[in-house]
1. Take residues that are modelled with pLDDT of 75 or more and tell me which of the helices (runs of 4 or more DSSP H) falling wholly in the chain contain 1 or more.
2. Going through segment 14-31 one residue at a time, which ones are of a type outside the set (Lys, Arg) and either touching a Lys or Arg at 6+ places or on another chain (Cβ under 9 Å) or under 22 Å from Arg50 (Cα atoms) (or both)?
3. Considering each residue of segment 45-61, count those that are of a type in the set (Gly, Ala, Ser) and under 9 Å from the mean Cα position of the chain (by Cα), and give that number.
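The values are calculated or read from the model by the stated rules, or taken from the named source; none is laboratory data. None of these values were measured; they are calculated from a predicted model. Cβ atoms come from the backbone with ideal geometry, glycine included; neighbour counts cover every protein chain shown.
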Amino acid sequence: MEALKLKEAFLKFSKRTDLRIYTAYEEQTLDQQKEEIYYGQDILIATPKRLNRLFLLNSVNVSQLKLFIIEDAVFAEKGMHFADVNRIPRKHG
């Protein structure tokens, strides 16, 4: 799973920091993810589908969002959940 690979890369480069890194994807329980994300994460790595679901459930607070990155060009090209995910940073501003 790409999200987990990306998390491992972040952990490697941030091991001497106090950054809180969390990965959200469909195979985990939604309730567990909501609770863990609610208490705050510095970096949230999520699949587009799960990010949209968490956002719609008010589980992701974007009021202090500094940077929003979509790392999957194929995702953007195919339009898979792109419109839903693209709305997230707009709600912040």
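1. Here the list reads 2-13, 30-38, 48-56.
2. If the condition is that a residue be of a type outside the set (Lys, Arg) and either touching a Lys or Arg at 6+ places or on another chain (Cβ under 9 Å) or under 22 Å from Arg50 (Cα atoms) (or both), then Leu19, Ile21, Tyr22, Thr23, Ala24, Tyr25, Glu26, Glu27, Gln28, Thr29, Leu30, Asp31 are the ones that fit.
3. Qualifying residue count for the region: 1.
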